[in-house]
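Colleague: Sharing a structure, written as structure tokens. Questions coming.
The values are calculated or read from the model by the stated rules, or taken from the named source; none is laboratory data. Since this is a predicted model, take the numbers as computed values, not measurements. No Cβ is skipped: glycine too gets one built from the backbone with ideal geometry, and neighbour counts run over all protein chains shown. Heavy atoms of the whole protein, side chains included, go into the accessibility calculation; ligands, DNA and RNA do not. Shrake-Rupley method; radii C 1.70, N 1.55, O 1.52, S 1.80 Å.
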Amino acid sequence: MATYLRTCPFCEATCGLEIETEGREVVSVRGDKEDVFSRGFICPKAFGIKQLHEDPDRLTTPLVRRDGELVEASWDEAFEEIDRRLSPILGEHGKNAVAVYLGNPNAHNLSAITHGPAWLRVLGTQNLYSASTVDQMPKQVSSGHMFGTMLSVPIPDVDRCDHLLLLGANPLVSNGSLLTAPNMRGRLRAIRERGGKVVVIDPRRTRTAEEADEHHFIRPGTDALLLAAIARTIVEEGLDDPGALAEHVNGLDEVRALVRDFPPEEVADACGIEAGEIRRMARELAAAERAAVYARIGTCTQEFGTHASWLVDVLNVLTGNLDREGGALFTRAAAGQKNSAGAGGSGRGVRFGRWQSRVRGLDEYFGELPVSVLAEEIETPGEGQVRALITAAGNPIVSTPNSERLESAVEGLDFMLSIDIYVNETTRHADVILPAPEPLEKSHYDVAFYQLSTRNIANFSPAVFDRQGLAEWEVYMRIAGIIAGQGPNGDVAAFDDMVIQTLIQREVGNEASPVAGRDPAELLEALEPRRGPERVLDFLLRTGPYGDGFGSDPEGLTLDVLEQNPHGIDLGPLAPRIPEVLRTPSGKVELAPEAIVADVDRLRAALGRERNGGMVLIGRRQLRSNNSWMHNLPALVKGKESCTLHIHPDDAERLGLGAGGMAAPVEVTEDIMPGVVSIPHGWGHDANGVRMSVASEHAGVNSNVLADESQVEPLSGNAVLNGIPVELDRLEHGAAAVAADDVRGV
Ligand code: SF4
């Protein structure tokens, strides 16, 4: 029996796992009590790592379509097929004819972080899409405008704050999102135990709301109005006090003037929260010794997502809680290509719209186009039409708006390649599927999410089992070889060398780097004998804020040091970082970014909207689900059916809907606001050709067939998935048929 310590890769919480194995069998999975961050906490999803390892449906061999059927092939045959099919498309139609979709698990994947950008650079397509524009792009856009980079996201200091105001977030279930913090139940309870207060705003009484001191239902899509009214109250009553931060902020007076147009008395009717309650919330927030406002997916996937994301940080500034212990601060991550090392204090800021989508003309954000345009880019003939699609760890046919249109578009592609662990609703259309290694066959370090953590943490996990196939980074490098015209057997080692040499060159040319001016060959030699993602990670750690600087600090962090500390290293609580962390051209916090200010009229206009009294649909997070692939793990789908429609008893009675049902089984519950129904996202596993036997038995319904791909948040390109107007019809057995309603502005 062997014991391995490993960081769970399934969500942002980065919990430590203790895994016992016997040969290639996983005997047990439990929480690592000595993990410096999670202290033994895990959620039910952690056990999925054993079931994923054992899952007979999980792909271990490449599949190639022959005579219409996906059949097993060798790796060499698969790459030959990719070369045969993809190269002519590139040669004839150019790089933009190949679209790429990256699913959410890429953010947790060390290979994808270290080597993903390299193959994407070689491809150079403008048709890059990801799960970010169905999830979090508004927060990244507002953070980019205000602080300078896509990862400049202030993180609530949950372990030291006295007052936490949460909107559209259910961290008890998600365990934090853009907030890496295991055991959020324990952390929220601790706020209350030390005399603090937790307030939740959500159209559902979530598990987080149940743990809070206070919960307010809010009409979906109106969070920005509520936040503006809270800000207005704070300004009007003279409670705003940015404190020492004021000298580092541009646009304070402009914001004070802007929020005057959102009096609580006018906002109350729109958002469904009484004006007196809004004023009380504002006063309590302003009066709290140490407070933070935090909002997540529910506030991003709506028509004012960027406004809501912006106003969260406006409130953190106005109340003097930005960059203050117990407020909202910036993580200082050990490894990261942004927001961690360097002189800081100013930078290039962000620039969007460097190119537009061909058909609808929507802007690019951080190098990607809104996934809502993918179907039309495939369907619409002409110069630049997408003719091939590469997906990596993604299931966009389930997880993006108007799934049926995307599915029909994908069927018309000339070629499709997927890198995935399953034949799912999307990959079943692929011509070649390359199996990705399971989590236990690869090393792990959460480069992205340690940059969004509520404590500064570093933890590295080596692979538990030998790999049975190629590593993802080797797959990327072979694909890069094909794209670069080297054929199916490109020199993987040479591409890997190119990745690290590019990084070294950049860093030795950075005056603020601890290795500025050093000999690149000497640094490369010091990283021997590591290769691949571990070599890149070691370099990032050594040149990061805690690193050894390749000898300048012998006590500093390296990958060797992390390997000697398998429970992780606690690098301390968050600490103030302004102005050093800022990358805006002015070197200041831009509290009134031009792009957002220019769109405040649209938000103001929403105040006067007539409501038609119809129902609206929202999603919901689930403890046993994070990505659609998890629905193939028995431990995560056992028990009561999860994909149900939540409806308030008053609405159920009015519409004649009872409990039970089949197509969209109804759960009547007072935990949802009247006028709102909820279906979780990521279900609908009943398509032919899917090879996910467990998921097929628990198919559920795909709520994204109701999401309208034409509804895109204009400042970030994010899909509008919350607040979809719907009509409900009664079916047999009390089930509900849900259909999109054309009338918006409910
Ligand atoms: S909370 Fe997230 S990281 Fe922790 S065990 Fe669950 S899935 Fe894994």
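Colleague: Looking at Ala448 and the list (1) over 30 Å from Ile155 (Cα atoms); (2) among the hydrophobic types (A, V, I, L, M, F, W, C); (3) open to solvent by 10 Å² or more (accessible area, probe 1.4 Å), which single condition is not satisfied?
Modeller: Condition (1) is where Ala448 drops out.
Here is a yes/no grid of residues against (1) more than 28 Å from the chain's Cα centre (by Cα); (2) of a type in the set (D, E, K, R):
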{"residue": "Gly544", "(1), (2)": "no, no"}
{"residue": "Glu555", "(1), (2)": "yes, yes"}
{"residue": "Leu559", "(1), (2)": "no, no"}
{"residue": "Gly568", "(1), (2)": "no, no"}
{"residue": "Gly608", "(1), (2)": "yes, no"}
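Colleague: Are there any pairs, at least 6 apart or on different chains, whose C-beta atoms fall under 7 Å, with the first in the range 94-122 and charged (D, E, K, R) and the second open to solvent by 10 Å² or more (accessible area, probe 1.4 Å) and modelled with pLDDT of 95 or more, and if so, which?
Modeller: Here the result reads Lys95/Gly124; Lys95/Thr125, each pair linking the range 94-122 to a residue that is open to solvent by 10 Å² or more (accessible area, probe 1.4 Å) and modelled with pLDDT of 95 or more.
Colleague: Quick check: is even one residue across the range 643-662 farther than 18 Å from Ile724 by Cβ, touching a Leu at 6+ places or on another chain (Cβ under 9 Å) and without any contact (Cβ under 8 Å) to a residue 40 or more places away in the chain?
Modeller: No - not one qualifying residue is present in the range 643-662.
Colleague: Testing Gly148 on (1) under 22 Å from Asn722 (Cβ atoms); (2) over 17 Å from the mean Cα position of the chain (by Cα), one condition comes back false. Which one is that?
Modeller: With (1) under 22 Å from Asn722 (Cβ atoms); (2) over 17 Å from the mean Cα position of the chain (by Cα) applied to Gly148, the lone miss is (1).
Colleague: Of the residues Lys95, Lys45, which single one is within 16 Å of the ligand (Cβ to nearest atom) and of a type in the set (D, E, K, R)? Reasoning before the result, please.
Modeller: Values: Lys95 fails: within 16 Å of the ligand (Cβ to nearest atom).
Matching residue, one of Lys95, Lys45: Lys45.
Colleague: Let me ask something else. Give the number of residues within the range 124-158 that are farther than 17 Å from Phe449 by Cα and part of a loop (DSSP other than H, G, I, E, B).
Modeller: Selection size over the range 124-158: 5.
Colleague: I'd like to verify a number: residues in the range 98-123 that are open to solvent by 30 Å² or more (accessible area, probe 1.4 Å) and over 23 Å from Gly305 (Cβ atoms), how many?
Modeller: Going through the range 98-123 one residue at a time, the tally reaches 5.
Colleague: Same structure again: Quick one: would you say Gln451 is under 27 Å from Ile19 (Cα atoms) and part of a helix (DSSP H, G or I)?
Modeller: Here the answer is yes, as Gln451 does meet what is asked.
Colleague: Answer with yes or no whether Glu18 is in contact with a His (Cβ under 8 Å, 6 or more places away or on another chain), open to solvent by 40 Å² or more (accessible area, probe 1.4 Å) and either within 16 Å of the ligand (Cβ to nearest atom) or assigned to a strand (DSSP E or B) (or both). Spell out how you get there, then give the answer.
Modeller: On the way: in contact with a His (Cβ under 8 Å, 6 or more places away or on another chain): no; open to solvent by 40 Å² or more (accessible area, probe 1.4 Å): yes; either within 16 Å of the ligand (Cβ to nearest atom) or assigned to a strand (DSSP E or B) (or both): yes.
So Glu18 fails the test.
Colleague: All but one of (1) aliphatic (A, V, I, L, M); (2) more than 19 Å from Lys442 (Cα to Cα); (3) more than 10 Å from the ligand (Cβ to nearest atom) hold for Val27, so report the exception by its number.
Modeller: Unmet for Val27, out of (1) aliphatic (A, V, I, L, M); (2) more than 19 Å from Lys442 (Cα to Cα); (3) more than 10 Å from the ligand (Cβ to nearest atom): (2).
Colleague: Suppose we filter the range 244-268 for residues that are of a type outside the set (A, V, I, L, M) and either at pLDDT below 95 or not in a helix (DSSP H, G or I) (or both); how many remain?
Modeller: 4
Colleague: Would you check if Pro634 is closer than 30 Å to Val694 by Cβ, in contact with a helix residue (DSSP H, G or I) (Cβ under 9 Å, 6 or more places away or on another chain) and not hydrophobic (A, V, I, L, M, F, W, C)?
Modeller: When the stated conditions are applied, Pro634 passes them.
Colleague: Just give me the residues in the range 531-568 being open to solvent by less than 30 Å² (accessible area, probe 1.4 Å) and over 20 Å from Asp496 (Cβ atoms), in sequence order.
Modeller: Listed by number, the residues that qualify are Gly544, Gly547, Asp548, Gly549, Gly556, Leu557, Leu562, Gly568.
Colleague: OK, next. For the structure I just gave you, tell me whether Ile82 is touching a helix residue (DSSP H, G or I) at 6+ places or on another chain (Cβ under 8 Å), outside any loop (DSSP other than H, G, I, E, B) and more than 11 Å from the ligand (Cβ to nearest atom). I'd like the intermediate steps shown before the answer.
Modeller: On the way: touching a helix residue (DSSP H, G or I) at 6+ places or on another chain (Cβ under 8 Å): yes; outside any loop (DSSP other than H, G, I, E, B): yes; more than 11 Å from the ligand (Cβ to nearest atom): yes.
Against the criterion (touching a helix residue (DSSP H, G or I) at 6+ places or on another chain (Cβ under 8 Å), outside any loop (DSSP other than H, G, I, E, B) and more than 11 Å from the ligand (Cβ to nearest atom)), Ile82 qualifies.
Colleague: For the range 410-437, what are the residues that are part of a strand (DSSP E or B) and either without any contact (Cβ under 8 Å) to a residue 12 or more places away in the chain or among the small types (Gly, Ala, Ser) (or both)? Full working, then the answer.
Modeller: Of the range 410-437, the ones part of a strand (DSSP E or B) are 415-420, 432-435.
Passing the criteria: only Ser418.
Colleague: Collect the residues in the range 192-241 that are of a type in the set (A, V, I, L, M, F, W, C) and either without any contact (Cβ under 8 Å) to a residue 24 or more places away in the chain or touching a strand residue (DSSP E or B) at 6+ places or on another chain (Cβ under 6 Å) (or both), keeping them in residue-number order.
Modeller: Val198, Val199, Val200, Ile201, Ala209, Ala212, Ile218
Colleague: Scan the range 1-15 for residues that are in a strand (DSSP E or B), open to solvent by 60 Å² or more (accessible area, probe 1.4 Å) and not polar (S, T, N, Q) and jot them down.
Modeller: Result: Tyr4, single match.
Colleague: Do we find a residue being of a type outside the set (Gly, Ala, Ser), assigned to a strand (DSSP E or B), without any contact (Cβ under 8 Å) to a residue 24 or more places away in the chain and within 15 Å of the ligand (Cβ to nearest atom) anywhere in the range 55-77?
Modeller: Within the range 55-77, none of the residues are of a type outside the set (Gly, Ala, Ser), assigned to a strand (DSSP E or B), without any contact (Cβ under 8 Å) to a residue 24 or more places away in the chain and within 15 Å of the ligand (Cβ to nearest atom).
Colleague: Test of understanding: among Arg467, Arg428, Arg405, which residue is under 30 Å from Pro138 (Cβ atoms) and surrounded by fewer than 24 Cβ atoms within 10 Å (Cβ to Cβ)?
Modeller: Arg405
Colleague: Could you say whether any residue in the range 359-377 is open to solvent by 10 Å² or more (accessible area, probe 1.4 Å), more than 24 Å from the chain's Cα centre (by Cα) and over 23 Å from Ile724 (Cβ atoms)?
Modeller: yes
Colleague: Something else: Condition first: in contact (Cβ under 8 Å) with a residue 24 or more places away in the chain, within 22 Å of Asp708 (Cβ to Cβ) and open to solvent by 10 Å² or more (accessible area, probe 1.4 Å). Now tell me which residues in the range 379-394 satisfy that.
Modeller: Once the filter is applied, which keeps residues that are in contact (Cβ under 8 Å) with a residue 24 or more places away in the chain, within 22 Å of Asp708 (Cβ to Cβ) and open to solvent by 10 Å² or more (accessible area, probe 1.4 Å), the range 379-394 yields only Glu379.
Colleague: So, one more: Considering (1) more than 8 Å from the ligand (Cβ to nearest atom); (2) surrounded by 15 or more Cβ atoms within 10 Å (Cβ to Cβ); (3) closer than 19 Å to Asn175 by Cα; (4) not hydrophobic (A, V, I, L, M, F, W, C), say which one Lys33 fails and leave the rest.
Modeller: With respect to (1) more than 8 Å from the ligand (Cβ to nearest atom); (2) surrounded by 15 or more Cβ atoms within 10 Å (Cβ to Cβ); (3) closer than 19 Å to Asn175 by Cα; (4) not hydrophobic (A, V, I, L, M, F, W, C), Lys33 is out only on (2).
Colleague: Could you tell me whether the range 49-70 includes any residue that is open to solvent by less than 20 Å² (accessible area, probe 1.4 Å) and in contact with a Cys (Cβ under 8 Å, 6 or more places away or on another chain)?
Modeller: There is at least one residue in the range 49-70 that is open to solvent by less than 20 Å² (accessible area, probe 1.4 Å) and in contact with a Cys (Cβ under 8 Å, 6 or more places away or on another chain).
Colleague: Give just the number: which of (1) open to solvent by 50 Å² or more (accessible area, probe 1.4 Å); (2) touching a Gly at 6+ places or on another chain (Cβ under 7 Å); (3) closer than 20 Å to Asn612 by Cβ does His681 not satisfy?
Modeller: (3)
Colleague: Among the residues that make up the range 646-663, is at least one of them of a type outside the set (Asp, Glu), modelled with pLDDT of 90 or more and buried (at least 24 other Cβ atoms within 10 Å of the Cβ)? Please lay out each step first, then the result.
Modeller: Within the range 646-663, the subset of a type outside the set (Asp, Glu) is 646-649, 652, 654-663.
Next cut, modelled with pLDDT of 90 or more only: 646-649.
Cutting the leftovers down to buried (at least 24 other Cβ atoms within 10 Å of the Cβ) gives us 647.
Among the residues of the range 646-663, at least one is of a type outside the set (Asp, Glu), modelled with pLDDT of 90 or more and buried (at least 24 other Cβ atoms within 10 Å of the Cβ), which makes the answer yes.
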